[in-house]
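Here, each number is a calculation from the coordinates, and none is a lab measurement. Worth saying up front: this structure is predicted, and the values here are computed from it rather than measured. With ideal geometry, Cβ positions are generated from the backbone for all residues, glycine too; neighbour counts draw on all protein chains shown.
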Amino acid sequence: MSNQQNVALITGASRGLGLALTKAIVERDWSVIITAREAGALHAARAKLDHREQVIAIPGDIANPIHRQTLAEAAHLIGGLDVVINNAGILGLSPQPPLLDYPLDALERVYQINVIAQLGILQAVWKELKPGAKIINVTSDAGIEPYANWGGYGSSKAALEQLSAILAVENPQLHIYWVDPGDMRTQMHQEAFPGEDISDRPLPEESVPGILTLLEGNLPSGRFKARELAIEEQV
């Protein structure tokens, strides 16, 4: 495949925002490497895509260094990466407990996926990034607002935000964005509010245009709210 082909790596791509982004990006004639933990769900998602011949599905756990290396090898074979979208993440316990009651082994798993593995992905694929590549780390307002009973997930996202900011300072040659997609009608959001009706939340597709603005534009590294970017683009 030509090195001129635009290529993205998207984690957590079997559903929700990751799948919505995959659909939008392949429609723009990009090639995409997608990954998610559940092989059946990932391959089923790929099978439903238009232009699925442009999509390489590699199931696995991003916390596994062998899986991260497999993703890097796939990126090398396809000619390198223009964009990495670190979208995969976990909520943790549902319902979420207050911090003083949070089992530390469960909290450790939240940090392993939402922080350590995010950096692990970037370390694995670093040599496969094309000049001027873009990194989009999906964060949350829970990373900056002190919501009660969101201490596990929220503090992990706060760590991801600071990690992103430092990466941006250390790597000025790249575009590094940490992006709050806003509340979304997703399985994870439902798990955060067990038994509640979340049908009033926007679908993930409403956060996609703002992220595409970052992907296709030339904005400086920084923190952005996806749906605000989409509104600004329309004005």
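By definition, a body whose alpha carbon gyration tensor gives a ≥ b ≥ c is rounded when a/c is under 1.5, and the chain falls into this rounded group.
What does the charge count near Gly92 come to, summing +1 for each Lys or Arg and -1 for each Asp or Glu among other residues with Cβ under 14 Å from its Cβ? In short, -2. Once you have a ≥ b ≥ c as the square roots of the Cα gyration tensor eigenvalues for segment 141-183, tell me rounded if a/c is under 1.5, and otherwise prolate or oblate according to whether a/b is larger than b/c. Prolate, since a/c reaches 1.5 and a/b exceeds b/c.
Here the sum of -39500 (n - 2.57) over DSSP H runs of 4 or more residues, divided by the residues of the chain, equals -12000 deg cm²/dmol at 222 nm, to the nearest 500. Across segment 178-191, computed HN-Hα scalar couplings (Karplus, 6.51 cos²θ - 1.76 cosθ + 1.60, θ = phi - 60°) run 10, 10, 8, x, x, 4, 9, 7, 10, 4, 4, 5, 5, 5 Hz from first to last residue, x flagging Gly and Pro. Find me the longest stretch of the chain that has none of the exposed GluC sites (Glu not before Pro), where exposed means in a DSSP loop (not H, G, I, E or B) with at most 14 other Cβ atoms within 10 Å. Answer - 39-195.
Placing +1 on the Cβ of every Lys and Arg and -1 on the Cβ of every Asp and Glu, with nothing else charged, gives the chain a dipole about its Cα centre of roughly 580 debye.
Near the amide H of Ile176, within less than 5 Å, lie the amide hydrogens of Ile135, Ser221, Gly222, all on another chain or at least 5 residues away, with H placed in the peptide plane.
Based on C-alpha pairs under 8 angstrom that are at least 6 apart in sequence, segment 7-234 has a relative contact order of 18 percent. The alpha carbon gyration tensor of segment 1-103 gives principal lengths a ≥ b ≥ c with a/c of 1.5 or higher and a/b greater than b/c, which makes the shape prolate. Neighbours of Ile198, meaning other residues whose beta-carbon lies under 9 angstrom from its beta-carbon, give a summed charge of -2 when Lys and Arg score +1 and Asp and Glu score -1.
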